[in-house]
1. What fraction of the DSSP beta bridges in the chain is antiparallel, stated in percent and rounded to the nearest 5?
2. Mind checking the angle between helix 191-200 and the chain's longest principal axis? C-alpha axes, 0 to 90 degrees, to the nearest 10.
3. For the chain, what is the accessible area per residue in Å² when the probe is 1.4 Å?
4. Quick one: if you stick a label point 7 Å off each Cα along the C-beta vector at residue 76 and residue 256, how many nm between them?
5. Ranked highest first by average number of other Cβ atoms within 10 Å, how do 101-108, 225-232 line up?
6. Can you list the HN-Hα couplings for the stretch 116-121, worked out from phi with the Karplus curve (6.51, -1.76, 1.60; θ = phi - 60°), rounded to whole Hz and with x for Gly and Pro?
7. Which value in deg cm²/dmol, rounded to the nearest 500, describes the helix-derived mean residue ellipticity at 222 nm for the chain, given -39,500 (n - 2.57) per DSSP H run of n ≥ 4 and division by the residue count?
8. Can you give the net charge of the other residues whose Cβ lies under 11 Å from the Cβ of residue 257, counting K and R as +1 and D and E as -1?
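The values are calculated or read from the model by the stated rules, or taken from the named source; none is laboratory data. Treat the numbers as computed from the prediction; the structure is a model and nothing was measured. Please note: Cβ atoms are built from the backbone with ideal geometry, for glycine as well, and neighbour counts cover all protein chains shown. Areas reflect the complete protein model, heavy atoms only, side chains present, ligands, DNA and RNA absent. Shrake-Rupley method; radii C 1.70, N 1.55, O 1.52, S 1.80 Å.
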Amino acid sequence: MQDQVKSFCQKYNLYKENEIQQIQLRHRFELVKAFGIQEGMRVLEIGCGQGDTTVVLADIVGDTGHVLALDIAASDYGAPLTLAQAHAQIQSSPLGKRISFHLETDFLTFHLLEDIDVVVLSHSSWYFKSMEQLLQYFQRAKQLGVKLCFAEWDMAYTSLQQRSHFCAVSILALYSAFIENEGNIQNVWSKSQSLAIAETANFQLKKSVIVEADYLQDGGWERDYANAIADEFEKAPLSIQTLIKSYIEVMNETQEVASLNSFVQVFE
């Protein structure tokens with residue numbers, strides 16, 4: 001897989017000196033493989049962010065395919081590069097002609113001018129403010145009559161190192177419950193919950209797999225953020241403050257942090 005990533009970076013002149021991005025790309029290739037995306041497909045990606053998954057989708061669909069990449073965020077959102085800066089780099093590469101980025105765009109109101117084959121939500125669902133909102137997105141996808149590919153972190157950790165990421169996620173989800181913020185964890189869905197939402201939207205599960213992701217940097221990033229905001233729970237009930245302190249202790253018990261794995265669900 002690492003050879004595939006290096007070949008990708010050379011071919012498209014992207015991320016050649018960015019080791020962090022190359023590690024992220026490796027996981028995106030594994031996810032897109034699990035999705036079953038094929039050459040020539042027209043893909044609509046919801047929550048494209050800086051384009052980590054978008055570029056892999058564009059590589060796989062080839063010159064005969066296309067990726068519509070949507071995100072509700074503004075162009076100045078994101079760090080170390082804003083979404084606009086990251087997208088500009090991608091658009092200037094040979095992949096640019098295969099991708100249409102649309103920021104400040106809600107899938108529910110987006111006017112589609114072309115047919116699509118598949119809708120992808122890859123590590124974007126925890127941004128949703130409510131289960132009802134996610135259900136509405138699934139229902140719109142079902143109305144389009146397309147395949148739905150869904151990927152998210154799997155809370156069923158399998159090691160003490162992954163437990164740190166689990167604790168960080170839990171802290172950040174509670175943070176969003178008590179303190180208004182624009183962080184990337186507003187709600188946390190389990191595999192069974194996303195399946196139930198899809199079934200409510202009249203989708204049928206066709207494939208469910210776990211994709212290893214313990215080598216990613218996200219667990220460490222989330223732990224750093226959870227430690228940084230731990231003192232901001234002063235407005236939460238005392239019982240929640242006590243819980244957060246317990247999570248912090250457990251989260252920091254191990255120096256090494258491994259990211260949670262991802263689960264992939266494909267619906268039709």
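1. Of those bridges, close to 40 percent are antiparallel.
2. For 191-200 against the chain, the angle is about 50 degrees.
3. Roughly 47 Å² per residue, with all protein chains present.
4. My value for the distance between the label points is 4.3 nm.
5. So the order, starting with the most tightly packed, is 101-108, 225-232.
6. Result, ordered by residue: 10, 9, 8, 10, 10, 10 Hz.
7. Estimated from H runs of four or more residues: -13500 deg cm²/dmol.
8. Summing Lys/Arg as +1 and Asp/Glu as -1 gives -4.
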